[in-house]
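The values are calculated or read from the model by the stated rules, or taken from the named source; none is laboratory data. A quick note: this is a predicted structure, and the numbers were derived from the prediction, not measured. Note: accessible area is taken over every heavy atom of the protein model, side chains too, but ligands, DNA and RNA are not part of it. Shrake-Rupley method; radii C 1.70, N 1.55, O 1.52, S 1.80 Å.
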Amino acid sequence: MNFFEHQHKARKKTGLLVLYFLIAVVLTVAALNVAIFIAFKIAEPELAPSVDQWIQNKHWVWVTVLVVVVIGFGTLRTFFRLSTGGRAVAEIVGARRIKMSTNDPDERRFINVVEEMSIASGTPVPALYAMDDEHAINAFVAGYRVNQAVMVVTKGTLEKLDRDELQGVVGHEFSHVLNGDMRLNVRLMATLAGILAIGQIGGFMLRSMRFSGRSRRSNSKGGNVAVVLLIALVLFVVGYIGLFFGRLIKAAVSRQREYLADASAVQFTRNSDGIAGALWKISRGSSRLSSSHAEDMSHMCFSSALSLSSMLATHPPVAKRIAAIDPHYNAKKTAQRAAEKAGVREPAAPSASEPSTTPTAAMGFVTGGGDDVVIRTTTETVIESVGNPTEQHYDYAENLHASLPQKVMDSAHADEDCRSVVYALVMMGTDEEALAVAVSMIKAHDSEQSAQRVQQLIPVLKGLGTAARLPVLDICLPALKLLDEQTRRRFLGILKSLAQSDKRFTLFEFVLVTILNENLAEDADKADVVKFSTSDQVINEIRILLTVLAMAGRTRESDGKPAFERVMKYFSKVKFEMAEKRDLKPERLTEVFETLAQLSPLVKQSLITACADLVLHDGKVLPSEAELLRATALSLDCPMPPLLPAV
């Protein structure tokens, strides 16, 4: 099953979630009606209605309406609270945002691992959070879109795992990002909040009556108090029934996905001992969370956040997960511990997390090359890689990440200097005259410090070559996302002016602006809704996008026309002309991407296949074409790893 099929399946699971939710509501309504009827019979047997009266007088209608209103309000309220996606979840659980410029060695190691995996998978670096009061080993990702994901780890994860084990956990969580699980998890959290609201109301009523019940003991009001007390108790008990349904839904939706994520982590990190080691430490310790929100996020976590029966558990048993990864792992650990007790030290195996000695050039684009550097691959290889990075991608990412100078990394992580890195990326291909104009513009509209930093960074970035441009931009994104709205708008305005200052708009400038708009726009963290299930509904937008890709790397329209006409046949038997120049302006292309992002996953697969076909019509691709293809895929919420030579 490829990325697009996973996404399609995940969206179908959202419909299944709605069905589960409706069943749970019906059962909760029925249980509450029966329980309230019995409560009246016990508290006021003489006044309580009979079953016929209960039905005829429509008491059940009012109970049903009340239950539906409470559940609906609880669900909608939580959906609203989670409207900003992963960031809202992290804030609800009280996690602390990790500064990318942190000096804490455990946090630095975590940042490095996440950045390597982001480069390998072609995803923006997620915002990183730590739960400082949680000393068990656990983690989760949350968000509606790949470009707005957050990753949260416990203090125990940072302190108790070595680098390989941390890689395994992070690789597992990246799998949830790439397979569409992350979006489903946030929606599940909001959906179940309404069901749990009934029990919370019952608990509140019981606590309130502890303080007010003593003053209501007259004979005339004793019966009423008893009825209210019983209703509160009923609500509390039914709330636990709702909790049972909620846990059952979580188990049904999430359990099997954990095996897939474990397997993906092994493929991603090419090291089964990493994730198996993390799970083994959990089996010897704990993954349970003390947070009051542990119930809410239990289905999101790397391992069980709660102690539950096997029927209701959101995760398979740790022992079974280890056995699925490596059937001999427990035996190896037992032998290792026995050897340690006997004082025998085995020679340390080379860490799988150490960068390999494979030169960057052998992995893809060479360092220091220009736009004449090409790689050879196939459309099939590119499509298979979407959302499915391989060992080769991770090797490439490790080497590239290790090659980035500390000056670039420090600036990309710093709140004040991250903007300068992006300015330098835009200006690194300009001549001296255009650079002088750009520096003056930055001084006037940003700061003199930023202008100086740009001048220092440009020669360093030039030395890295084209292969490093998108990874460096991705590493800047977490710090850029912390900019306040006014600074963010000013920054994007300066970028647009810089791109236009030399009176030409290069492919890379378009790619850079597209990626930044995707990540920094005001509505960037809102979930995409599937509005178009066929290509016919957006055929004009497809025509415009394919025109851009057909012209990429070509100087004349006639050079790209045959390839354009060939791939347009994927979508229509009618012959289409290439889009006119007025439709190729950046503002119009932004609208095109926004529209195409609302395609169904399987139609996106056809579109990205057509895009790859255009770029790879001759079996090779230039760096600027590869960047455009990856930016296109990311705009459609389909992360594409770096293009590597086909094996």
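Measuring nothing but alpha carbons in segment 460-505 and taking Rh as the Kirkwood radius, the Rg to Rh ratio lands at 1.04. Calculated accessible area for segment 420-541 comes out at 43 Å² per residue, all protein chains present (probe 1.4 Å; ligands, DNA, RNA ignored). Separation of the alpha carbons by more than 20 angstrom is noted, of 155/333; 407/496; 531/561; 250/604; 160/281; 531/569, for 155/333; 407/496; 531/561; 250/604; 531/569. Considering only protein heavy atoms and a 1.4 Å probe, what is the carbon-and-sulfur percentage of the accessible area of segment 269-335? Carbon with sulfur: 54 percent of the solvent-accessible area. For residue 575, the aspartates and glutamates whose Cα comes closer than 14 Å to its Cα, not counting residues fewer than 8 places off in the same chain, are 536, 565. Taking the inverse of the mean reciprocal distance over all distinct Cα pairs, the Kirkwood hydrodynamic radius of segment 81-154 comes to 12.6 Å. Legend: residues 62, 54, sorted from most to least accessible area (1.4 Å probe; ligands, DNA and RNA excluded), read 62, 54. Heavy-atom accessible surface of segment 12-167, averaged per residue, reaches 44 Å², computed with a 1.4 Å probe.
The share of accessible area on segment 394-485 that comes from carbon and sulfur is 48 percent, using a 1.4 angstrom probe. Per q in 0.11, 0.13 Å⁻¹, report the Debye log10 I(q)/I(0) for segment 412-563, using one uniform scatterer on each alpha carbon and no solvent. At q = 0.11, 0.13 Å⁻¹ the computed log10 ratios are -0.51, -0.69.
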